[in-house]
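The values are calculated or read from the model by the stated rules, or taken from the named source; none is laboratory data. What you see is a predicted model, and the numbers here were worked out from it, not measured in a lab. We place every Cβ from the backbone using ideal geometry, glycine too, and count neighbours over all the protein chains shown.
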Amino acid sequence: MKSEIKTAKFGGSSVADAIQIQKIKHIITSDPSRKYIVVSAPGERFKGDNKITDLLYLCKTHIDHNVPYDQIFQVICDRYTAMEAGLGVNTGLAGRFDEIRARLQSGATSDYIASRGEYLNAVIIAAYIGFDFVDAEGIVLFDQKGKFLFEDTNEALRAELAKHKRAVLPGFYGSKPNGEIKTFSRGGADISGAVVARASGAAVYENWTDVSGFLMADPRIVHNPKAIGAISYKELRELSYMGASVLHESAIYPARLANIPINIRNTNAPEEPGTRIIAETVEENGSIITGIAGNRDFTVINVYKNMMSSELGFIRRLLSILENYGIPVEHVPSGVDTVSVVVANAYLNDKLGDVLEDFERRIQPDSIEVFENMSLIATVGGRMASRPGVSAKLFAALYGAGVNIRMIDQGSSEMNIIVGVENRDFETAIRAIYEAFVGGGEPEKSADSPVLAD
């Protein structure tokens with residue numbers, strides 16, 4: 001019998017104040033299958049506002065530098081007190097504040113201090129919606145060195161959740177064997193949510209945020225791009241690698257392992273279906289591609305050497321030079337006598353001259369060409385491999401837009417086509433590709449939404 005349980009994680013913007021928490025209560029209670037809820041610390045209520053986690057870190061920094069922190073801590077207390085009053089609950093906040101203050105003064109770790117944002121929020125939200133509060137301490141497990149214990153956590157969570165028909169859990173942290181609090185990296189509440197989804201045997205893991213799922217292109221470049229109704233894990237990885245703002249791989253893996261669909265939803269527009277992240281590619285709305293993403297500021301180094309393909313170890317020596325300089329390689333398209341290496345300018349910095357000298361000395365190429373100020377654009381879609389003419393359509397679109405293609409690379413899965421263009425053509429190229437495959441895209445000069453969900 002298929003599980004009807006849903007695990008829902010609500011991000012910082014979704015639990016930023018009493019008004020937002022009232023919204024999530026309506027979402028949770030509107031569907032009885034939403035049984036296990038994971039919450040972040042309160043995020044920004046408006047542009048320029050402070051996130052609670054940032055304020056907690058700041059308190060710890062002040063303590064470490066013997067600077068008074070009372071005013072900052074009072075801001076935190078006042079915000080939670082206002083939330084309690086707005087929701088009409090009483091969870092004994094004064095005593096909890098006293099405990100946190102005492103731990104601050106006695107030298108508590110940064111991880112403990114930062115985790116209190118999620119802890120306090122989960123206590124308040126559990127009381128408000130009438131669910132059990134289940135602390136992550138002791139059931140989200142790390143070893144003594146801080147490594148997350150994936151399977152041990154799954155077993156501990158499964159056993160604990162079996163005791164609760166409905167529960168609210170804080171995200172972002174767990175504990176070591178000695179009881180010391182350990183946090184994930186920033187954004188770790190997403191990992192907690194996926195872990196709880198797996199342990200609860202959820203049919204769906206809902207990730208509630210402040211956008212209605214993923215978009216096919218950056219709305220700062222393409223006006224009103226279409227939403228992505230469904231995307232496979234592999235497609236998501238390709239878009240993420242090319243710079244699209246998506247869930248961290250660690251936040252996807254637990255749900256992916258258990259084959260649990262992830263649904264990205266908007267707390268402020270719960271009627272919208274959002275984007276589903278699923279195991280296999282599906283075709284929606286007749287679109288061949290799933291999304292377009294890219295990044296600026298790369299350098300492409302083209303190396304030509306006659307009979308290169310028969311020279312043992314040539315590419316290995318070339319790549320080892322870049323490794324010696326600590327420069328990661330993005331792509332390595334090659335031909336019979338040529339190979340190109342694509343590197344991000346952020347890693348190259350002022351090392352280009354030294355790298356080229358080492359290339360000349362150690363691999364003795366016939367010629368080297370360098371193209372700076374390049375952008376990479378990936379057109380991603382699991383359905384592209386089975387459709388003839390996709391590459392021709394893409395290249396024709398760029399030609400029609402007057403964009404010169406400096407590099408072409410296609411992965412072995414044929415799930416993406418990556419083109420290198422000059423930085424100045426970056427936005428023009430994305431709009432041309434979108435128009436060719438989707439249609440209806442127009443330039444947008446004033447927007448600040450991300451391509452995909454935060």
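Some observations on this one:
- Residue count for the range 32-69, restricted to those that are exposed (fewer than 12 other Cβ atoms within 10 Å of the Cβ) and not hydrophobic (A, V, I, L, M, F, W, C): 7
- The lone exception for residue 252 - which of (1) modelled with pLDDT of 85 or more; (2) part of a helix (DSSP H, G or I); (3) hydrophobic (A, V, I, L, M, F, W, C) it fails: (1)
- Residue 15 vs. criteria surrounded by fewer than 16 Cβ atoms within 10 Å (Cβ to Cβ), in contact (Cβ under 8 Å) with a residue 12 or more places away in the chain and among the β-branched types (Val, Ile, Thr): no
- Flag for residue 93 being surrounded by fewer than 22 Cβ atoms within 10 Å (Cβ to Cβ), touching a residue at least 40 places away in the same chain (Cβ under 8 Å) and not acidic (Asp, Glu): no
- Per the listing 115, 110, 200, 175, the residue uniquely touching a strand residue (DSSP E or B) at 6+ places or on another chain (Cβ under 6 Å), within 29 Å of residue 82 (Cβ to Cβ), among the hydroxyl-bearing types (Ser, Thr, Tyr) and assigned by TED's automatic domain parsing to the domain that holds residue 40 is 115.
- Exactly one residue among 169, 161, 87, 141 is surrounded by 15 or more Cβ atoms within 10 Å (Cβ to Cβ) and without any contact (Cβ under 8 Å) to a residue 60 or more places away in the chain, and that residue is 141.
- Check on residue 142, out of contact with any strand residue (DSSP E or B) (no Cβ under 9 Å at 6 or more places or on another chain), modelled with pLDDT of 95 or more and over 22 Å from residue 22 (Cα atoms): no
- Filter pass, residue 133 being of a type in the set (A, V, I, L, M, F, W, C) and surrounded by 20 or more Cβ atoms within 10 Å (Cβ to Cβ): no
- Of everything listed in (1) within 22 Å of the chain's Cα centre (by Cα); (2) at pLDDT below 95, the single unmet condition for residue 2 is (1).
- Unique match (being over 17 Å from residue 75 (Cα atoms) and in a helix (DSSP H, G or I)) among 35, 60, 23: 23
- Looking only at the range 177-198, and only at residues there that are in contact with an Asp or Glu (Cβ under 8 Å, 6 or more places away or on another chain), modelled with pLDDT of 95 or more and closer than 25 Å to residue 12 by Cβ, the one that is surrounded by the fewest Cβ atoms within 10 Å (Cβ to Cβ): 180
- Within the range 42-58, residues that are outside the structural domain of residue 114 (by TED's automatic domain parsing) reach no partner that is in a loop (DSSP other than H, G, I, E, B) with beta carbons closer than 7 Å at six or more positions or on different chains.
- Any hit, the range 420-431, residues being aromatic (Phe, Trp, Tyr) and either modelled with pLDDT under 95 or closer than 17 Å to residue 290 by Cα (or both): no
- Of all residues in the range 59-93, those satisfying the criterion of being under 23 Å from residue 45 (Cα atoms), more than 32 Å from the chain's Cα centre (by Cα) and aliphatic (A, V, I, L, M) are 85, 89, 93.
- Some residue of the range 208-220 being within 21 Å of residue 4 (Cβ to Cβ) and out of contact with any strand residue (DSSP E or B) (no Cβ under 8 Å at 6 or more places or on another chain): no
- Residue match in the range 296-308 (condition: of a type in the set (S, T, N, Q), more than 28 Å from residue 154 (Cβ to Cβ) and either under 29 Å from the mean Cα position of the chain (by Cα) or surrounded by 16 or more Cβ atoms within 10 Å (Cβ to Cβ) (or both)): yes
- Subset of the range 101-123 (residues that are hydrophobic (A, V, I, L, M, F, W, C), closer than 18 Å to residue 74 by Cα and touching a Leu at 6+ places or on another chain (Cβ under 8 Å)): 113, 114, 120
- For the range 389-437, the set of residues classified as more than 21 Å from residue 231 (Cα to Cα) and part of a loop (DSSP other than H, G, I, E, B) consists of 389, 401, 402, 403, 404, 405, 406, listed by residue number.
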